[in-house]
Ligand code: RIB
């Protein structure tokens, strides 16, 4: 099993199902309310663990009832939670999520996630050096992300940065990251919208992977723009689809799949995640993923993706 370290957020998701987004000042009746486990970091860690990674979660929770549920949930996916920081002064992170047919909107209150500072992660240098892949997002302080990227780069280690929620990133961090996985909207914020996504993909071949939801992903392989398609599924809740994609990508790359194959499989894992309500509920187990792959004869990813590439 490959060692995957996720440094990121852990939240409790307060989820309301509603027919549409309310207008400003409008009151709507929701169809249901549920509490789920979430946080981009935790979601990605659960995805990596379910798909076969030996996973460690680094990050911060409060000292409250939500913290216990967060930790128990991670433990139930056999994730190493021994190094999670428990902060006395801040509450465990929460997210208020509205789920509409085919879409969602999310407000995150970071709370203890903001306590995942440089001083905390510096204690885990050894763990980072023993990793086969590290996964980062932007729901923890940016200085922490910058320190981790720099440390891993200096030690020749691989890191996937999922820049969500998006913020502008320095050229230094972009250069030192092994893979960066924004969606189109995040790409504009991370890189700036003065140049096209295609320009940035060409500048960062085999590194910048742009996710396009149900359409799949695209990247520049050094010769051409490649589009890796996703699969059609019945959508219940899109929350966590991107996280599942990133967690899956970490595992598939760590075990030695080519970038193209890893992306193809990760798109399928991400698609399967949207078939249930809640960010982590639909994340497939390794066996479920394999069963789906066989059932749909999607194992031959090369044939599927050949048609999708255009000459650069
Ligand atoms: O990507 C989905 C996640 O974003 C949710 O689980 C929520 O907690 C926020 O972090």
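Given 5 Å bins starting at zero, what is the percent of C-alpha pairs of the stretch 49-154 in each, up to the one with the largest pair distance?
Going out from 0 Å in 5 Å bins, the stretch 49-154 shows 2, 11, 19, 21, 21, 16, 7, 2, 1 percent.
Could you please tell me the mean projected area of the C-alpha convex hull for the chain, averaged over all directions and given in square nanometres to one decimal?
16.1
Rank the residues 227, 202 as a footprinting-exposure proxy: fewest other Cβ atoms within 10 Å of their Cβ go first.
202, 227
Using R₀ = 30 Å, calculate the FRET efficiency as 1/(1 + (r/R₀)^6) where r is the Cβ-Cβ separation of residue 203 and residue 147; round to 0.05.
0.80
If the convex hull of the alpha-carbon atoms of the stretch 213-273 is projected onto planes in all directions, what is the mean projected area in square nanometres?
For the stretch 213-273, the mean projected area of the Cα convex hull comes to 3.9 nm².
Taking the chain as a Gaussian network, where each spring joins two C-alpha atoms under 10 Å apart, which residue of 263, 174, 51 fluctuates the most?
In the Gaussian network model the winner is 174.
Estimate the FRET efficiency between residue 277 and residue 76 by the formula 1/(1 + (r/R0)^6), using the beta-carbon distance for r and 22 Å for R0, to the nearest 0.05.
0.75
Residue 294 label point, 7 Å along Cα→Cβ, cut-off 19 Å on backbone N: hits in the stretch 36-60?
51-52
Kindly put 1, 201 in sequence by how many other C-beta atoms sit within 10 Å of each C-beta, fewest to most.
Sorted ascending by nearby Cβ count, the order is 1, 201.
So for the pair residue 100, residue 285, with labels modelled 7 Å out along Cα→Cβ, what separation do we get in nm?
Here the modelled spin labels are 3.6 nm apart.
Shape of the stretch 88-211 from its Cα gyration tensor (a ≥ b ≥ c, root eigenvalues): rounded if a/c is under 1.5, otherwise prolate when a/b > b/c, or oblate?
Oblate, because a/c is 1.5 or more while a/b does not exceed b/c.
Could you calculate the FRET efficiency of residue 27 with residue 168 from 1/(1 + (r/R0)^6), where r is the beta carbon distance between them and R0 is 45 Å, rounded to 0.05?
0.80
Which of rounded, prolate, oblate describes the stretch 1-84, given a ≥ b ≥ c as roots of the alpha-carbon gyration tensor eigenvalues and a/c under 1.5 marking rounded, otherwise prolate only if a/b is larger than b/c?
prolate
How many percent of DSSP beta bridges within the chain run antiparallel, rounded to 5?
Bridges in the chain are about 45 percent antiparallel.
Roughly how far apart, in whole Å, are the Cα centres of the stretch 237-267 and the stretch 57-98?
Result: 24 Å between the Cα centres.
FYI, it's all coordinate maths here, none of it is from the lab. Computed from a predicted structure; not experimentally measured. Here the Cβ is made from the backbone with ideal geometry for all residues, glycine too, and neighbour counts use every protein chain on show.
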